[in-house]
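A quick write-up on the structure given underneath.
The values are calculated or read from the model by the stated rules, or taken from the named source; none is laboratory data. Because the structure is a prediction, the values reported are computed rather than measured. No Cβ is skipped: glycine too gets one built from the backbone with ideal geometry, and neighbour counts run over all protein chains shown. With ligands, DNA and RNA removed, areas are computed over all heavy atoms of the protein, side chains included. Shrake-Rupley method; radii C 1.70, N 1.55, O 1.52, S 1.80 Å.
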Amino acid sequence: MSDYWKTDELFNLNCFREKMSRNRYMSIMRSLHFCKNPKAGEKAPSRINKVKQVLDYFNKRMQDVNQPSKNLSLHESMVLWRGRLIFRQYIKNKRHKYGVKLYMLTEHQGFVQ
């Protein structure tokens, strides 16, 4: 994640440095915690119930702000995760064998949609 704030030509993405410093972003990520648990005897509606409101807000905001180009590419990516997670996957030929598989729609500039 810290690559977004690099000044090298290869990683030159000004939009991140203009909005927030890397240290502030990392501080927010360290302290971010979701704890809206279902009441006793209640079953959670979905596995992402705790972060659903944040995801919905973020997705809506990105639709308003970002206009993707016509040249898009679909990529499969594995995010390292060694903790307990019901949808964690194991792929023996990957560098990170355990993780969460994500499908990313990317632009030619490297932005993930």
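According to the Kirkwood relation over distinct C-alpha pairs, the hydrodynamic radius of segment 48-113 is 14.0 Å. Straight Cα distances below 30 angstrom link Lys70 to the lysines Lys6, Lys19, Lys52, Lys60, Lys101, with same-chain residues fewer than 8 positions distant left out. In the chain, helical runs assigned H by DSSP with n ≥ 4 each contribute -39500 (n - 2.57); averaged across all residues and rounded to the nearest 500, the mean residue ellipticity at 222 nm is -8000 deg cm²/dmol.
Other residues within the sphere of radius under 13 Å centred on the Cβ of His75, judged by their own Cβ, net out at -1 (K and R +1, D and E -1). Each of Leu32, Pro68, Leu55 was placed along the dipole of the chain (beta-carbon charges, centred on the mean Cα), and the one lying farthest toward the positive end is Leu32. The Cα-based radius of gyration and maximum Cα-Cα distance (Dmax) for the chain are 17.2, 54 Å. The charge dipole of the chain, taken about its Cα centre with unit charges on the Cβ of Lys, Arg, Asp and Glu (plus for the first two, minus for the last two), comes to roughly 760 debye. Heavy atoms of the protein chains alone define the surface here; on that basis the chain has 91 Å² accessible area per residue at 1.4 Å probe size.
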